[in-house]
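Structure, as C-alpha cells:
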Amino acid sequence: MSEETIALPRVLIVDDSRMVRASISRNIRERFDVREEADGEAGWEALLIDPSIQVVISDLGMPRLDGYGLLERVRSSKLSRIQELPVIVISGEEDDTARVRAREMGATDFITKGTGTVELLSRLEALTRLARATRELEASREALASHSPVDPESGLVTQAYLNWHGNQELALARRRNGDLAAMVIVIDRFEKMVSEYGVHVTELINRKLSKILSSKVRKEDTVAQMAPGQFAVLCPSTDLDGCSAFALRLQRAIDKLVMTYRDTRIRMSVTVGIAASARGGESFTLSHLIGLAVQRAQTGVDAGGARVIAESGEITPGELSRFVRLPVSIDHVLMQVRAGASGEVLLRAPDVMNTLMPLLDLIESEFRCGLPLDALRQLRRRSPGEEDPHEGTTTKL
C-alpha cells in the first residue's frame, strides 16, 4: 500500500501573546493547519519561505514590526501569492480608528479576541475558498494565454477541449465505421461527504480520483471533470464490452482505496454510466452520447450506487461473456519503460500481451523464430475477479 499526505489549508497566526495564539489555534486546528509567529518581522519571514500559507491572522500592536507594517509589506509585495493573501486583523471591539486605518492599508476582515469558533471557522473557510478561486482564475488565464487544454485545478482536460476533441473523434469513428464510447463516473453520496467533511476534504477526494483516472486510462482516451464529483471519459475505438470491463476494474481499484482525515477512515464508491456511438445513427451527436451516459449513471445512483450501467442495464463481472480489456497504446508503454516506470508496465502485462499477440503470431508464422507463444498466451489470461495487490492504496488527507 502507498500513503499520500495532503496538507490542510495553512493559516499563519501573528500575535505577540502566546495565549491569543494558542486560543485561536485551538479553535481552528480541526479544519486548518496552523503556523504561529510572535511578531510582524517573523511573520513576514514566514510568508517569504512558506508558499503554503493561505490566510494570515495578525494583531496590530506587536514588537519589531507591527500589524500595520506587516500589512504594508504584504500589499506592496512583488510576489502575487503574498500580495493577494487574505489578511484578518485582530482588533478591539471599540477601536474604530484602528479598523479604518487597517482597512485602508488592505485588511480583508476583522475579528476580536472573543470571536466564537463557529464564526471564525466560517470566515476562514470563506476566505480560503476565495483565495483558491483567485489562484485558479489566474492559472486559468495563464492556461488560456498559452492555449493549454488542461484544467489547472484538476490536471485533466477542460470541458471545452473534451467537447472539441470528442467531436473530432466521433467524426473519425464514423468515417472508419468505428466506435467511440463515453463513460460518466459519479462519486456516490458526494453531497453527504460535503456536509460531513467540508468542501476542502471533498476537493481533495476529487483530485485523488482525477489522479486515479489519469493513471488508468490509455494515452488516446480523454478525461475531464464535468462537475464536483462527476467525470467524463471518452474512449475511441472501444465498444460497450471493453468500456464495461474498464469500468469494473476502476470500481475495484476505488473500492480498495481508503482515505484518512484526522481519525476518520473515508471510503468511497463510484457509479459509472456507459454509452457507445455505434448504437446511434448519423444524427447522434457527442452531446447525445455524453447525455446518455449521464442518464445511465443517474439510474445507477438512484438504485443505490456502486453500479455500472450500460444499455442493457447493470453490468457485473459475471454478465460479461468474456473479459475484454481496453487495448494498450504501445507508444505509451514504451514511453513508460524509457521513463523508468517498468513496474507500471509489468502490472499491465496481460493488457500488453493482448495487444501484441496478433503481431507476435504473424512474426512466428512468417519467420519461425521460436517465440514462446504458448507461454505468452498464458501471461495474458486474467479473470475479471482476480485480485491485484497493487491496487489498494491508503491516502491520508
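The values are calculated or read from the model by the stated rules, or taken from the named source; none is laboratory data. Note that the structure is a prediction, hence the values are computed from the model and not measured. Positions of Cβ are backbone-derived with ideal geometry, glycine not excepted, and every protein chain shown enters the neighbour counts.
Evaluate the following for I28: is it β-branched (V, I, T), under 17 Å from G116 (Cα atoms) and touching a Lys or Arg at 6+ places or on another chain (Cβ under 9 Å)? It is false that I28 is β-branched (V, I, T), under 17 Å from G116 (Cα atoms) and touching a Lys or Arg at 6+ places or on another chain (Cβ under 9 Å).
In summary, strands (runs of 3 or more DSSP E) completely within region 1-107 and bearing 1 or more residues that are modelled with pLDDT of 90 or more occur at 10-14, 33-37, 53-59, 87-90. Out of all the residues in region 177-205, which are surrounded by fewer than 19 Cβ atoms within 10 Å (Cβ to Cβ) and among the polar types (S, T, N, Q)? Correct list: N177, S195. Taken residue by residue, region 184-191 has at least one member that is basic (K, R) and closer than 21 Å to Q295 by Cα.
Scanning region 212-242 for residues that are in contact with a Leu (Cβ under 8 Å, 6 or more places away or on another chain) and part of a helix (DSSP H, G or I), we see that the one that is surrounded by the fewest Cβ atoms within 10 Å (Cβ to Cβ) is S214. Search region 151-167 for residues being under 16 Å from K219 (Cβ atoms) and assigned to a loop (DSSP other than H, G, I, E, B), and hand back the single one that is modelled with the lowest pLDDT. Of everything passing the filter in region 151-167, G155 is modelled with the lowest pLDDT. Would region 33-44 turn up any residue that is over 33 Å from the mean Cα position of the chain (by Cα), more than 18 Å from L127 (Cβ to Cβ) and exposed (fewer than 13 other Cβ atoms within 10 Å of the Cβ)? No, because not a single residue in region 33-44 is over 33 Å from the mean Cα position of the chain (by Cα), more than 18 Å from L127 (Cβ to Cβ) and exposed (fewer than 13 other Cβ atoms within 10 Å of the Cβ).
W164 fulfils the conditions (1) within 13 Å of S287 (Cα to Cα); (2) of a type outside the set (D, E, K, R); (3) surrounded by 17 or more Cβ atoms within 10 Å (Cβ to Cβ); (4) without any contact (Cβ under 8 Å) to a residue 60 or more places away in the chain except for a single criterion, (3).
Considering (1) among the hydrophobic types (A, V, I, L, M, F, W, C); (2) touching a helix residue (DSSP H, G or I) at 6+ places or on another chain (Cβ under 6 Å); (3) not in a helix (DSSP H, G or I), the lone condition that L170 does not fulfil carries the number (3).
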